[in-house]
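Read through the structure below, which is laid out as structure tokens, and then see the notes.
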Amino acid sequence: MIKLLTINHFEAAAVILFGIGFMNMLLQDNLIKKFIGLNIMDTAIYLYLVSYGYIEGHMAPIAEAGKAALAEEFINPVPSGLVLTGIVVSVSVTAFSLALIQRLYKKYGTLSFDEVLRKLRSGEANTYDSDS
Amino acid sequence: MDYKSDPNKIGKWERFFKWVNGEDSIDSVWEKEMRSKITGKRKKRRKTIEDTIERINSYSKKIYIILSVFITVVYIGILLYTVYELPEHGNPLNPANNEVSQRYIEHGVEETGALNIVSAMILDYRAFDTFGETVVLFTAVICVAILLRRTDEDKTDLEQDSFKSDRGDILKFAARLVFPIVVLYGIYVIINGHISPGGGFAGGTIIGAGLILYSAAFGDEKIKSILNYKSITVTTVSCLLIYFFSKGYSFFTGGNHIESVIPKGTPGNILSGGLILPLNICVGIVVACTMYGFYSYFTKGDI
């Protein structure tokens, strides 16, 4: 098993990175650090996809002009295209959640998730935000 | 207070209907009812309940940490076992390297006219997927605008903000040197997206970084003459519409075996690859506007 894990070491590293990000999301109290954990998970997915499409000794999929491209020369381009989708969605989700966190901070005056929950239960809120 | 003489007492079904209708007075009524129940007859029991809650609260943090570590370790274990079962890394005979990627590589240049096979794939074969991605970015910037855009009353405290104060000379000088190079490089990456690594997303991000640098160095007023809320919205939406209609046309003609008027060009030239170059430019403009929009909403609350 260890031998196969060293052969698939990129995938194994991606899985461990994913776990680190997951644990970060579970254990961090600070909301921004929670979303850094989400970004670590995203990065693990990119690493996994890119390593899944890699073929030993093959080139990046840029063909040469005036020469027929052969599938034996290039790596698999499909996972590379999927990574792009992942990056775009990750950027959008991160921006959206950071905006939400900024609104939460304006309302409750703290970034701590437990503190926000406690204030939410007891019904106290900073009324700094005029339209909330 | 006796529970039975409580005037706030309501029937079970009535409470259920009120709860279904979403009336928010229910919680307080329910709380009062529960409190009167507890204070009236079950003082002893309440004390034991509170003790238990406190004890649970003190232990729950530890239990939560132990459980999260346990769940994560189990999770990593399952995934590592899956990795162990995966085919060998880098082997050309892996099931992922099937006829789909072979077809893209061997017919991509001749069918799309682009040398960059990833570009050919995402902007020709699967162009509507990329359109969806661009729309996701646009939706994200709309959401950020909804959440963070300041109302007119808030703008008075913006006057004291640091965004209008004078910048250092070093930052201004460096920005004056670097900004044209950054934007030029971004444009290069965008218009060479079909013949070399790069494309609309990468080049758009580079141009967006240049715009952010300019805005940070020279302040709000200078960039506002070109990039304001209206102009950014108009350019983004028109780029998305150009993308949609041009690619819709090309898919319509291609799907119905009608001759398309868009020439493929010689692979390797700048003006080649059919629709890939204009689509890359559209995507690049949308991404640059989105990146600059994120920055200015998070710092200033307005574009």
Cysteines not pairable in the protein assembly as shown (beta carbon separation under 4.7 Å absent): B:C143, B:C289
For region B:239-285, projected area of the alpha-carbon convex hull averaged over all directions, nm²: 3.4 nm²
GNM flexibility winner over chain A from A:S97, A:S122, A:S51 (Cα, springs under 10 Å): A:S122
Selected from B:T112, B:Y64, B:V136, residue furthest toward positive end of dipole (region B:61-148; charges at beta carbon): B:Y64
Rg(Cα) / (2.2 N^0.38 Å) computed for region B:48-123, rounded to two decimals: 2.25
Bins of 10 Å, starting at 0 and running to the largest distance - Cα pair percent for region B:199-303: 14, 37, 26, 16, 6, 0
Ordering of B:108-116, B:281-289 by packing [mean C-beta count within 10 Å, highest first]: B:281-289, B:108-116
Average projection area in nm² (convex hull over Cα atoms of region A:1-89, one quarter of hull surface): 7.7 nm²
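Determine the sum of side-chain charges near B:R176: Lys and Arg each +1, Asp and Glu each -1, restricted to other residues whose C-beta is under 14 angstrom from that of B:R176. Don't skip to the end; give the middle numbers.
Numbers: positive: B:R167, B:K172, B:K222; negative: B:D169.
Here the count lands on +2.
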Surface accessible to a 1.4 Å probe, A:L84 within the full protein complex, Å²: 40 Å²
Stretch in chain A that is longest and holds no GluC sites (Glu not before Pro) that DSSP places in a loop and that have at most 14 other beta carbons within 10 Å: A:1-55
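Could you pull out every whole DSSP H run in chain A that spans at least 18 Å of Cα extent along its own axis and averages -0.5 or higher on the Kyte-Doolittle scale?
Long hydrophobic helices here: A:9-27, A:31-53, A:77-108.
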B:E221/B:D129 FRET efficiency (R0 30 Å; Cβ-Cβ; nearest 0.05): 0.15
Within the protein assembly as shown: Cβ-based charge dipole about Cα centre, in debye rounded to nearest 20 (Lys, Arg +1; Asp, Glu -1): 2320 debye
Net charge over other residues, Cβ less than 15 angstrom from the Cβ of A:V78 (K, R count +1; D, E count -1): -2
Kirkwood Rh in Å, taken over all unlike Cα pairs in region A:33-132: 17.2 Å
Coordinate range along principal axes, alpha carbons of the protein assembly as shown, Å, largest first: 93, 62, 51
Expected 222 nm ellipticity per residue - DSSP helices of 4 or more, -39500 (n - 2.57), all of chain A, to 500: -23000 deg cm²/dmol
Cβ neighbours within 10 Å from other chains - mean over B:217-228: 0
Proximal charge balance of A:I55 [Cβ under 14 Å; K/R count +1, D/E count -1]: -4
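The values are calculated or read from the model by the stated rules, or taken from the named source; none is laboratory data. The structure displayed is predicted, hence computed values, not measured ones. Note that each Cβ is placed from the backbone with ideal geometry, even for glycine, and that neighbours are counted across all protein chains shown. For accessibility, only protein heavy atoms count, side chains too; no ligands or nucleic acids. Shrake-Rupley method; radii C 1.70, N 1.55, O 1.52, S 1.80 Å.
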